[in-house]
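*Asks:* The structure's right below; bear with me while I get my questions together.
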Amino acid sequence: MRMPARALAPLAVALLAAAPAMAQDGPKIDTGDTAWMLTSTALVLMMTIPGLALFYAGMVRKKNVLATMMQSFTCAAVVTVVWMVAGYSLAFGEGGPWIGDLSKLFLSGIAESWDKPFTLGSGDGAVAFTIPETVFLMFQMTFAIITPALITGAFADRMKFSAMVLFSVLWSLLVYSPVAHWVWHPNGWIFALGALDFAGGTVVHINAGVAGLVAALVLGKRVGYGTDNLSPYNLAFAVIGAGMLWVGWFGFNAGSAGGAGARAGMAMLATQVAAGTAALTWMFAEWATKGKPSVLGCISGAVAGLVAITPASGFVLPVPALIIGVVAGLAGFWGATALKHMCGYDDSLDAFGVHGVCGIVGSLLTGVFAYGALSATTAAPDGFGGSFDQFMLQLYATVAVIGYTAVGSFVLLKVTDVIVGLRVPEEEEREGLDVTQHGERIA
């Protein structure tokens, strides 16, 4: 398999380390790699349900807990169907530089290839896997599920459930899938550019964070924002959710190595170091500025570090991971406090302040700290090392995703508003979404 050095990118770069064992009768599925990827897939799904559901539910008021959990759970169900029908084809169909084709609608062709190792793309740019396509598409489905679920944190307490469902469908197809194709398919233009994103800094976190910011601006502030007590109902839920996110993130990042190899081990180590460092950094920053280290601040810091290390996890060594964790802890603290108040928007659960800001930090610092040997292949023996040129590629890709996501999300929110309306009436918002949207309440 031959690939131009600059054509090796994101997830696929990692997966080249797991090239299939060749026998006389052709490549074989590696059961060890497949077992790890099945485990990673389950871990990433756990990040949304119940991880993110509990994390977000613990930070809203009692009257909106069930509605908030319902959003994450529904995203898992809705995006599963959307991904199976068309999302996977648009993201990982052959297509061209901008979007995949329709060759994999309804997972066409899976009956013929279910028991064979999977190859992404074709020709000289093809990337070979040691796992079947069913596992690859399921792993990628869990990423597609969590991304719109992350957005819901920005508009918590005020969006109609019908609007959330419709927007999630449209956004998954028209924003998430194209960006995933750009970054992770050999034909994608960001892939060909050589910008690095090991596990979703641009595709998941910047994508979700920017969309969340746009949604918060379009919907406006919550009723009572700045005057009423909007304190969390149950931070214990949030701590449990954050713990599930932390553990699940090993599937997110180490799973993006595509197999059970040394690179997966390094990605796991980098993930742990960055998360712990960022949690401490946020905690001490809050302690120094506000007098006490809060539980919410500590768990938010851990998530900030996990976000920032995501694009870098398979490209950096432990010391750079520690540095990324420090920067992420400070950046996330600033994004969730000073930036939000300075700009005056109501990002309810800091989807942009943590995922958007720290996703940008991680994407850019990947270009600074990447260690070439981790991504070296026969086609690219030096791998991808940090340099000014690589930093500029990271910046270019980051700005492109921000621009596309911002415009696309704004348009889709307006379309959703025309079709079903975006925001619940003020009296329903005051009563709470649990009752007004779902007819249920916590006793």
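*Asks:* Figure the gain on full extension for VAL247 and TYR396 (residue separation times 0.36 nm, minus the Cα-Cα span) and round it to one decimal in nm.
*Replies:* Value of the extension gain: 50.5 nm.
*Asks:* Say the cut-off is 22 Å between C-alpha atoms; which of LYS62/LYS414; LYS104/LYS160; LYS221/LYS290; LYS62/LYS221; LYS62/LYS160; LYS63/LYS340 go over it?
*Replies:* Those over the limit are LYS62/LYS414; LYS104/LYS160; LYS221/LYS290; LYS63/LYS340.
*Asks:* What order do you get for LYS28, LYS63, LYS104 when you list them from fewest to most C-beta neighbours inside 10 Å?
*Replies:* In increasing order of surrounding Cβ atoms, one gets LYS28, LYS63, LYS104.
*Asks:* Suppose R0 equals 25 Å; then what is the FRET efficiency for ALA42 and LEU269 from their Cβ-Cβ distance, rounded to the nearest 0.05?
*Replies:* 0.75
*Asks:* Okay, helix-only estimate at 222 nm for the chain: each DSSP H run of n ≥ 4 adds -39500 (n - 2.57), divide by all residues, round to 500 deg cm²/dmol; what do you get?
*Replies:* -18000 deg cm²/dmol
*Asks:* Between VAL415 and TRP98, what FRET efficiency follows from the Cβ-Cβ distance if R0 is 25 Å, with the result rounded to 0.05?
*Replies:* After rounding to 0.05, the efficiency reads 0.80.
*Asks:* How high is the relative contact order of the chain, given as a whole-number percent (alpha carbon pairs under 8 Å, six or more residues apart)?
*Replies:* Dividing the mean separation by the residue count of the chain yields 23 percent.
*Asks:* Provide, as a two-decimal number, the C-alpha radius of gyration of the chain over 2.2 N^0.38 Å, N being how many residues it has.
*Replies:* 0.93
*Asks:* Say each of HIS341 and ILE442 gets a label point 7 Å from the Cα, pointing the same way as Cα to Cβ; how far apart are those two points in nm?
*Replies:* With each label point 7 Å from Cα toward Cβ, the separation is 2.6 nm.
*Asks:* Still on this structure, I have one more. Using the count of nearby Cβ atoms within 10 Å as a rough guide to exposure, how do ASP346, ASP197, ASP101 rank from fewest to most?
*Replies:* With the sparsest Cβ surroundings first, the list reads ASP101, ASP346, ASP197.
*Asks:* Starting from the Cα-Cα distance between LEU230 and LYS290, subtract it from 0.36 nm times their residue separation and give me the gain in nm to one decimal.
*Replies:* Gain on stretching LEU230 to LYS290: 19.7 nm.
*Asks:* How many Å³ per residue does the convex hull of the Cα positions in the range 24-68 occupy?
*Replies:* 64
*Asks:* Continuing with this model, one more query. Quick one, could you list the DSSP H helices from the chain stretching 20 Å or more along their long axis (Cα atoms) with average Kyte-Doolittle hydropathy of 0.5 or above?
*Replies:* What comes out of the filter, once short or polar helices are dropped, is 31-46, 65-82, 133-151, 235-254, 262-290, 295-309, 318-334, 388-420.
*Asks:* Starting from the range 160-233, pick out the trypsin sites (Lys or Arg not before Pro) whose DSSP state is loop and whose Cβ has at most 16 other Cβ atoms within 10 Å.
*Replies:* Within the range 160-233, the qualifying trypsin sites (Lys or Arg not before Pro) (loop, at most 16 other Cβ atoms within 10 Å) are LYS221.
*Asks:* Let me ask something additional. Within a 10 angstrom radius of the beta carbon, how do MET392, MET342 rank from fewest other beta carbons to most?
*Replies:* MET342, MET392
*Asks:* Which chymotrypsin sites (Phe, Trp or Tyr not before Pro) from the range 66-122 combine a DSSP loop assignment with at most 15 other Cβ atoms within 10 Å?
*Replies:* Listed in order of number, the matching sites are TRP98, TRP114.
Quick note: the coordinates plus some simple rules give every number you see, no bench work behind them. Keep in mind that what you see is a predicted model, and the values were worked out from it rather than measured. With ideal geometry, Cβ positions are generated from the backbone for all residues, glycine too; neighbour counts draw on all protein chains shown.
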